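Trainee: Got a structure here, written out as C-alpha cells. Questions coming.
The values are calculated or read from the model by the stated rules, or taken from the named source; none is laboratory data. It should be emphasised that the depicted structure is a prediction, and the values quoted were computed from it without experimental measurement. Neighbour counts run over all protein chains shown; Cβ positions are idealised from the backbone, glycine included. Just so you know, the surface numbers come from the protein's heavy atoms only, side chains and all, with ligands and any DNA or RNA stripped out. Shrake-Rupley method; radii C 1.70, N 1.55, O 1.52, S 1.80 Å.
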Amino acid sequence: MHLVDPADPFSAVTHMAPYDYYRRLADGPPLRFDATLDCWLATGAAGVQAVLEHPACRVRPPGLAVPQNLAGTPCGAIFAELVRMNDGERHVVPKQVLARALGQVDLLRLQVQTSRMAGDRVPASAAQLNEAIFQLPLFAMADLLGFAPAQWPALAEWTRAFVACLSPLSNGEQLAGAQEAADALLQGFGHLLREGDARPGSLLASIVTETDAMGNGLLANLVGLLSQTCDATAGLLGNAIVALRTQPELLAQLRATPERWPAMLREVSQCDPSVHNTRRYTAQDVEFDGVRVPAGQMIVVVLASAGQAALGFGHGRHVCPGQSIAHAIATACLQAWSDGLEGMPLAWRYLPSLNARIPVFTQGENA
Ligand code: HEM
C-alpha cells in the first residue's frame, strides 16, 4: 500500500508511517522557518537539543502564561501553576520536589502492584483495550499517590476530561467538561490532603513533606502528575501493542527472555514514541548556528525527528521526570496482557492529536 507522505509535523503525528518523513526532516537544516505553518521547526537531534537547552526558548509565549480561552477558569488556575507550563524562578523548587519524589518511587514495587491490577483487568476486546491503555497507567499513578481503589475510575475519567483543555483540537463541549473535571480533581486531591491520610511512604506523602516548597502550586502539580501520565503513557502502551503486531517474532522472543521487556519498551519509546513534538516561544531574539529567530516566535520542536538521540521524553529544563515510572507501568501491563491479546484480531488508526501518537484499536486486520 502506498501512503501519501505527511504534509507537516502535525499531520505526521497520526500518520500510519511517518518515520521516513521524520528522517528527511532530520537531514535538513536543524532550524528552519515553515512559511505554510507560519512558525519555526527545530529538527534532528541537534536542532531539538539546541532549542530545548536555550534559556530564551520558553514553554509559553511572552506575556501569555495562560491561554486566553482558559483565563479565569479552574483549568487556567491549574495551568498557571504547572511546572510543565512555566519557566522562571518560582517554579524551580517545585520542579525539584516533584523530580525528587518521583525519583524515590520504588519501581519494583510499582511494577508488582501494576501487574496485579493489570492482571485483574485483561482487555477482552478492542474497545476494552482502548479504555485499558488509558485507565491502567492512571490507576497505577492514583494508587501510588495514595487514592483508594474505589476512587480510581473517577480520577481516570476526570483526568481524561481535563487534558482536553490542553489540546487545540478540543471543542466547546470538551472544554466545558475539562472545567468540571479540573474542579473535581482539585477537590479530590484537596480531600486526600485534608484527611491527612497520605499513606506513609506514598508518593503523596513524600511531596507533602515539602508542602511549603510547593507553595500555591501543590494541588495543581499533583493534578499535573495524572495529566502528564495520561496520553503519553497510553501512547507508549498502544505503540508497544502495535510493535507486537507488526513484529510477530517479538512475543516469542519475549516469552523466552522476559527480562527483555524493559528493553523492548525502550525501543518502542525510541522508534515509535508517543510524544512527537512540543513547542517553545522565543522570549528575545535568539541565534542558532547563524540562524536568527526574532522574539515572540513559535518553534515546533520535532522530538520524533531526533532519531537515535531518543528525545521522546524531552531534554533540558523540562525533561520528563516520569520516564522510569512510565516504563515500569507499561512493562507490567504488557506482560499481563500479551497472552490475552495474542489471538485478538486488531486494526488501528490514531486518535486525532497534534502531538501525541495514541493508537485506537478496532476489531479486524489493518489493510
Ligand atoms: C511514555 C510516557 C511519557 C512520555 C513519552 C513523556 C514525555 C514527556 C515530555 C516530552 C516532556 C517534556 C515536554 C516539554 O519539554 O515540552 C515531559 C514532561 C513532564 N512529564 Fe512526562 N512523559 C511520560 C510519562 C510521564 C509520567 C508517568 C509522569 C508522572 C509520573 C510524567 C511527568 C512529567 C512532568 C511533571 C513533566 C514536566 C517537567 C517539567 O516541565 O519540569 N511524565 N514528559
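Trainee: Considering only residues of segment 98-117 that are over 12 Å from S202 (Cα atoms) and within 11 Å of the ligand (Cβ to nearest atom), which is surrounded by the fewest Cβ atoms within 10 Å (Cβ to Cβ)?
Mentor: My answer is G103.
Trainee: Which strands (runs of 3 or more DSSP E) sit wholly inside segment 252-367 and have at least 1 residues that are touching a residue at least 24 places away in the same chain (Cβ under 8 Å) and farther than 30 Å from A127 by Cβ?
Mentor: 278-282, 286-288, 291-293, 298-301
Trainee: For segment 321-356, enumerate the residues that are away from the ligand (no atom under 16 Å from the Cβ), more than 17 Å from E259 (Cβ to Cβ) and open to solvent by 30 Å² or more (accessible area, probe 1.4 Å).
Mentor: Scanning segment 321-356 gives D339, G340, E342, G343, P345, W348, R349, P352.
Trainee: Determine whether segment 212-233 contains at least one residue that is in a loop (DSSP other than H, G, I, E, B) and either open to solvent by 40 Å² or more (accessible area, probe 1.4 Å) or under 18 Å from V83 (Cα atoms) (or both).
Mentor: no
Trainee: Of the residues that sit in segment 151-208 and are touching a residue at least 60 places away in the same chain (Cβ under 8 Å) and part of a loop (DSSP other than H, G, I, E, B), which one is nearest to C230 (Cα to Cα)?
Mentor: Looking at the filtered set, the residue picked out is S167.
Trainee: Which residue pairs have Cβ atoms under 7 Å apart, sit 6 or more places apart or on different chains, and have a first residue in segment 52-72 that is within 12 Å of the ligand (Cβ to nearest atom) and open to solvent by less than 30 Å² (accessible area, probe 1.4 Å) and a second that is of a type outside the set (V, I, T) and in a loop (DSSP other than H, G, I, E, B)?
Mentor: L52/G314; L52/H315; V59/N86; V59/D87
Trainee: If we scan segment 82-90, do we find a residue that is within 14 Å of the ligand (Cβ to nearest atom), open to solvent by 50 Å² or more (accessible area, probe 1.4 Å) and under 20 Å from the mean Cα position of the chain (by Cα)?
Mentor: Yes - at least one qualifying residue is present in segment 82-90.
Trainee: I'm trying to understand the selection: among the residues of segment 209-233, which are among the aliphatic types (A, V, I, L, M) and either under 18 Å from A77 (Cβ atoms) or without any contact (Cβ under 8 Å) to a residue 12 or more places away in the chain (or both)?
Mentor: M214, L218, L219, A220, L222, V223, L225, L226
Trainee: Would you call D120 touching a strand residue (DSSP E or B) at 6+ places or on another chain (Cβ under 9 Å) and either modelled with pLDDT of 95 or more or near the ligand (Cβ under 10 Å from one of its atoms) (or both)?
Mentor: Here the answer is no, as D120 does not meet what is asked.
Trainee: Please enumerate the residues belonging to segment 118-146 that are open to solvent by less than 20 Å² (accessible area, probe 1.4 Å) and not in a helix (DSSP H, G or I).
Mentor: P123, G146
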